[in-house]
Amino acid sequence: MTPRNDERLQGAALFDLDGTLVDTNYLHVLAWWQALLQYGHEVPMARIHGAIGMGADRLLDKVLGDDRDKRQDESVADAHGTLYATWYKDIRPFDSAADLLRAVAARGWTVVLASSASEAEASAVRRRLDAEDVIAAATSGGDVDRTKPAPDLVERALDTVAADPERAVLVGDTVWDVEAAARAGVPCVALLTGGVSKGALETAGAVAVYDDAATLLRHIDTSPLSRPPS
């Protein structure tokens, strides 16, 4: 989406999707495990879970090593996409996820989705989330050359709505969200719904950690999302 003018917005609230607004991280783990197995890679699910939040490019480097034969990478990623698509109808938003987005928008933030997922996966999730009325823009893994923990996706999301980093907050669920935000100069609020511990998220640099979207919504007026920076 192109900004309506060149003025910098007062505040942008960036939201990751998987594990943050929708309960899909473990579906991704299973789909990646099955896809890797199809191509002869038996990888423990715990190792795959540790890489969830990255795009396919970074995830395969993380779980298989950078010195592997990369000629199968595209096929493995395509297999993951096909396997994950079988779960589209079963995707469930976390309790109060859409209400959180609406509450954030009501407080003057511009809501932007910033996910490392493919465009097809992100679109499927958005349909289940059902909060299009307050989503101003969205970016996905296909919009950048490098996905999280590189800052590219966060920076692209900011550019999409002409927002400055110092007037933005990212809400995510993995250390990769926190690191990507930090590299882009954006503070990150983290949720525990992705299966990453509070200690790991705080060590990565999260400015606040909440149990889930519903908890953040209940405490929104004392959180970094209480109102956009002036």
Odd one out for Val134, checked against (1) open to solvent by 50 Å² or more (accessible area, probe 1.4 Å); (2) at pLDDT 95 or above; (3) farther than 27 Å from Ser197 by Cα; (4) in contact with a Leu (Cβ under 8 Å, 6 or more places away or on another chain):
(1)
Condition (residue is over 21 Å from Ile220 (Cα atoms), open to solvent by 10 Å² or more (accessible area, probe 1.4 Å), at pLDDT below 95 and not aromatic (Phe, Trp, Tyr)) applied to the stretch 98-116: is it met by at least one residue?
yes
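Do we find that Ala120 is in a helix (DSSP H, G or I), farther than 27 Å from Lys89 by Cα, open to solvent by 10 Å² or more (accessible area, probe 1.4 Å) and aliphatic (A, V, I, L, M) in this structure?
Working: in a helix (DSSP H, G or I): yes; farther than 27 Å from Lys89 by Cα: no; open to solvent by 10 Å² or more (accessible area, probe 1.4 Å): yes; aliphatic (A, V, I, L, M): yes.
Taking the combined requirement at face value, the residue does not satisfy it.
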Residue check: is Ala35 in a helix (DSSP H, G or I), modelled with pLDDT of 95 or more and hydrophobic (A, V, I, L, M, F, W, C)?
yes
For the stretch 183-193, check the following and say yes or no: at least one residue is open to solvent by less than 50 Å² (accessible area, probe 1.4 Å), of a type in the set (S, T, N, Q), in contact (Cβ under 8 Å) with a residue 60 or more places away in the chain and closer than 21 Å to Asp23 by Cβ.
yes
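Hey, does the stretch 153-160 have a residue that's surrounded by fewer than 20 Cβ atoms within 10 Å (Cβ to Cβ) and touching a residue at least 12 places away in the same chain (Cβ under 8 Å)? Explain how you work it out, then say what you get.
Applying the first criterion (surrounded by fewer than 20 Cβ atoms within 10 Å (Cβ to Cβ)) to the stretch 153-160 yields 155-156, 159.
Among the residues that remain, those that are also touching a residue at least 12 places away in the same chain (Cβ under 8 Å) are: 155-156.
Yes: one or more hits.
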Val76 being touching a Phe, Trp or Tyr at 6+ places or on another chain (Cβ under 7 Å) and crowded, with 17+ Cβ neighbours inside 10 Å:
yes
Can you work out which of the residues in the stretch 41-61 that are out of contact with any helix residue (DSSP H, G or I) (no Cβ under 8 Å at 6 or more places or on another chain) and at pLDDT 95 or above is nearest to Glu179 (Cα to Cα)?
Ala46
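The values are calculated or read from the model by the stated rules, or taken from the named source; none is laboratory data. Computed from a predicted model, the values in this text were never measured in an experiment. Positions of Cβ are backbone-derived with ideal geometry, glycine not excepted, and every protein chain shown enters the neighbour counts. When the accessible area is computed, the model is the full protein with side chains, heavy atoms only, and any ligands, DNA or RNA have been set aside. Shrake-Rupley method; radii C 1.70, N 1.55, O 1.52, S 1.80 Å.
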